[in-house]
């Protein structure tokens, strides 16, 4: 039964680029879906993301041209901007570290000690950067020499950190879209936007990045431009 229900949600979730102007999307649908997005898996539980709900009419009017006036934006009832916040790694690592310390009663367990080492020492090693790139060199050197002996996590510089943050944020965005579909509404993940102006409109710092902007509404037949097409499964699915 549950497999069939999920299959129905996956089949229902299809990018729609023209929403019905007569049908409103209750705020509760967005709230519930954002709360579900927070539960998405993410690297090291650092949660290096933010979700900006474009709700007010004045903000919405501002964001339509920032999304290049595409129909998926103009006809939407809500928009949510998914943002990566790699710059918040210290704050989120400290939060996780404190959560572990709060659970300690008496002598810490092996798992608690491992968690303290992970967030207190390993995360700073993986995420710290400096203008001269010294920490990047340290990470790459460790990865190279340790990788000679055994399988090892290949850590690098800013690019690898950005990739990790965007992967986690995309998982949250997909969770959000599936949640909206489960509530009977439609979404369209948009990549056509002016990132610089969107960041300025949201007052985001330099190192924040826009992962995607998702528009929400009740889809129409006109909003589905063509049948859902995928290359053959054997072109992308491999069993080893």
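Restricting to Cα pairs below 8 Å that are 6+ residues apart, what does the relative contact order work out to for region 88-158? Please round to a whole percent. Intermediate values should be presented prior to the final figure.
On the way: 47 pairs, mean separation 17.6, N = 71.
About 25 percent, as a whole number.
Quick one: helix 27-38 against the long Cα principal axis of the chain, what's the angle to the nearest 10°, folded into 0 to 90?
Approximately 30 degrees, to the nearest ten.
How high is the relative contact order of region 119-239, given as a whole-number percent (alpha carbon pairs under 8 Å, six or more residues apart)? Don't skip to the answer; put the middle values down first.
Details: 72 pairs, mean separation 20.7, N = 121.
Reported relative contact order: 17 percent.
For residue 112 and residue 148, what does the FRET efficiency come to when R0 = 35 Å and r is the distance between their Cβ atoms, rounded to the nearest 0.05? Walk me through the intermediate numbers first.
Working: r = 32 Å, r/R0 = 0.92.
Efficiency for this residue pair is about 0.65.
In degrees from 0 to 90, rounded to the nearest 10, what is the angle of the helix 134-147 Cα long axis to the longest principal axis of the chain?
80 degrees
Give me 180, 64 sorted ascending by neighbouring Cβ count inside 10 Å, so fewest comes first.
64, 180
Given a 10 angstrom Cα cut-off, can you work out which residue in 103, 84, 159 is the most mobile in a GNM of the chain?
Fluctuation is largest for 103.
Order by neighbour count: 48, 111, 122, fewest other Cβ atoms within 10 Å first, most last. Could you put the intermediate results ahead of the total?
Values: 48 25, 111 10, 122 15.
With the sparsest Cβ surroundings first, the list reads 111, 122, 48.
Would you order 190, 135 from fewest to most other beta-carbon atoms within 10 Å of each residue's own beta-carbon? Each step should come with its number before you reach the end.
On the way: 190 20, 135 17.
With the sparsest Cβ surroundings first, the list reads 135, 190.
How high is the relative contact order of the chain, given as a whole-number percent (alpha carbon pairs under 8 Å, six or more residues apart)? It would help to have the intermediate numbers written out before the result.
On the way: 322 pairs, mean separation 89.7, N = 240.
Relative contact order comes out at 37 percent.
If the elastic network links every pair of Cα atoms under 10 Å, which of 227, 21, 65 fluctuates the most in the Gaussian network model of the chain?
Residue with maximal mean-square fluctuation among 227, 21, 65: 227.
Mind jotting down the distance between the C-alpha centroids of region 171-195 and region 3-42, whole Å?
Taking the Cα centre of each part, region 3-42 and region 171-195 sit 7 Å apart.
Quick one: P(r) of region 139-222 from all Cα-Cα pairs, 5 Å bins, percents rounded to integers, in order of increasing distance.
For region 139-222, the pair-distance distribution reads 3, 12, 14, 16, 15, 12, 10, 8, 6, 3, 2, 0.
Under 19 Å from a label point 7 Å along Cα→Cβ of residue 230: give me every residue in region 10-24 with its amide N that close.
10-16
Each reported figure results from applying straightforward, stated rules to the coordinates on display, with no laboratory input. Model, not experiment: these values are computed from the prediction. In this analysis, Cβ positions are derived from the backbone assuming ideal geometry, glycine residues included, and neighbour counts consider all displayed protein chains.
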